[in-house]
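The values are calculated or read from the model by the stated rules, or taken from the named source; none is laboratory data. Quick caveat, the model's predicted, so the values are computed rather than measured. Counting neighbours? That spans all protein chains shown, and the Cβs are built from the backbone with ideal geometry, glycine included. Just the protein is used for accessible areas: all its heavy atoms, side chains included, with ligands, DNA and RNA removed. Shrake-Rupley method; radii C 1.70, N 1.55, O 1.52, S 1.80 Å.
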Amino acid sequence: MNAIIQGSLSQVAKQNNQSIAESFVNSSAIIIVDTSGSMHATDSRGGKSRYDVACAELKHLQGSLPGKLALLSFSDDVQFCPAGIPFDFGEGTDLAKALKFAKVADLASGMRFIVISDGEPNDESEALKVAKTYRNRIDTIFVGPEGGSGQSFLNQLAKASGGQHVTADRVKELAQETKKLLAA
């Protein structure tokens, strides 16, 4: 993808004439976005997919918090997304792999981690096991229909690391809920 989102790590690095690594060091949160097949569901605002609405909300969020959010997308694999757009889908939901990938940033005191997902990982117990190893908290945002089966799991995941869990009604309040978590 060629687009670079305003406020993304790539845009801030370019603006400040620094490397993406230098820009990453100044971020205060790692946003871990589920881009698995279930994010194709078109139960979000305007009949759009969860993925499309999540991208629109993340664009807004990065614009209002320039350079503060590092973005990872995950499905079968994990990708660092410095341009600010989560890479499109795989079929599986390997949340444990994503948490292991993000763990390298857990060394920084006060680093925030926010998982945005519909809460249906390949291996719930492995994801919980990894979450319990984090020094910093992991907050979660559920982006499926209210009462969806993944909502309970994401609440457990947040509790495993001392984090908070919120629901963004089918992703339409994603930016607002993420800002609340970052302020807490």
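Sum -39500 (n - 2.57) across every DSSP H segment of at least 4 residues in the chain, then divide by the residue count to get the 222 nm mean residue ellipticity, nearest 500.
Rounded to the nearest 500, the figure is -10500 deg cm²/dmol.
Which of 152, 109, 44 ends up with the largest GNM mean-square fluctuation for the chain, with Cα atoms connected below 10 Å?
Judging by the Gaussian network model, the answer is 109.
Heavy-atom accessible area per residue, segment 21-125, 1.4 Å probe: how many Å²?
Here the per-residue accessible area is 40 Å².
Are there trypsin sites (Lys or Arg not before Pro) in segment 81-166 that DSSP puts in a loop and that have at most 16 other Cβ atoms within 10 Å, and which ones? Display every interim value, and only then the final one.
On the way: sites: 97, 100, 103, 112, 129, 132, 135, 137, 159; in loops: 132, 135, 137.
Here the trypsin sites (Lys or Arg not before Pro) that fit, given the DSSP loop and packing criteria, are 132, 135.
Can you pull the percent of segment 1-158's accessible area that's carbon plus sulfur, 1.4 Å probe, other chains left in place?
51
Match the structure shown to one of the listed values (i) 99; (ii) 139; (iii) 150 of volume of the Cα convex hull per residue in Å³, computed from it, and give that label.
Answer by label: (i).
Label points 7 Å out from Cα along the Cβ direction at residue 19 and residue 109: separation in nm?
About 2.6 nm, to one decimal.
If you put +1 on each Lys and Arg Cβ and -1 on each Asp and Glu Cβ, how big is the dipole of segment 59-152 around its Cα centre, in Debye rounded to 20?
The calculated dipole for segment 59-152 is roughly 680 debye.
How much length, in nm to one decimal, is gained on full extension between residue 91 and residue 129, taken as 0.36 nm per residue of separation minus their Cα-Cα distance?
Gain in length upon complete extension: 11.4 nm.
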